[in-house]
Amino acid sequence: MLIVINRIWPEPGSEQRLEEAFSRSPGMKDVPGCLGFEFWRREATGPAGHPGAGAADAAGGAGGRSEYLVVTRWESREAFEAWRRSAHFQHAHRDTGASAGARSELAVYEVLRRV
């Protein structure tokens, strides 16, 4: 199993546009090999004393920006790569206006153990 996480730091003030773009998306439920899709939003600032407060800055993120994660689970690397070459991928990424000016970072993880 493969976990793919796309971290996105939108331009301040464009968060709503990004959220709306993901809410309009038909999702990944019909994509072969995709086991799940989640869209997460991290609060821009955590509670005082919370270990996560300011972590985006420390990890090289875009300081002061909200952070979003697009988390997908895949049967295999082959399934993920096939989706990236597909018309579905092209269609899903055709309108990038919602993420204009955003910083992003893609991370791919192989699941070694699952309970």
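The values are calculated or read from the model by the stated rules, or taken from the named source; none is laboratory data. Note that the coordinates shown come from a computational prediction; the quantities given were computed from them, not determined experimentally. Cβ placement follows ideal geometry from the backbone for every residue including glycine, while neighbour counts extend to all protein chains displayed.
Assess whether residue 87 counts as being modelled with pLDDT under 90, exposed (fewer than 11 other Cβ atoms within 10 Å of the Cβ) and on the phi < 0 side of the Ramachandran plot. So residue 87 fits the description; yes.
Here the condition is being at pLDDT 85 or above, part of a loop (DSSP other than H, G, I, E, B) and of a type outside the set (S, T, N, Q); of 26, 32, 47, it holds for 32 alone. Among residues of segment 87-115 that are more than 26 Å from residue 76 (Cβ to Cβ), those with a beta-carbon under 9 Å from a residue that is at pLDDT 85 or above and part of a strand (DSSP E or B) at least six positions away or on a different chain give the pairs 99/8; 102/8; 102/9; 102/68; 103/7; 103/8; 103/9. Scanning segment 6-21 for residues that are within 11 Å of residue 39 (Cβ to Cβ) and either in contact (Cβ under 8 Å) with a residue 60 or more places away in the chain or of a type in the set (Lys, Arg) (or both) gives 6, 8, 18, 21. Beta carbons closer than 9 Å, at least 6 apart along the sequence or on distinct chains, pair a first residue in segment 30-44 that is touching a residue at least 40 places away in the same chain (Cβ under 8 Å) and over 16 Å from residue 92 (Cβ atoms) with a second that is surrounded by 14 or more Cβ atoms within 10 Å (Cβ to Cβ) and hydroxyl-bearing (Ser, Thr, Tyr) for 35/72.
Can you tell me how many residues within segment 54-82 are assigned to a helix (DSSP H, G or I) and at pLDDT below 95? Number satisfying all stated conditions: 4.
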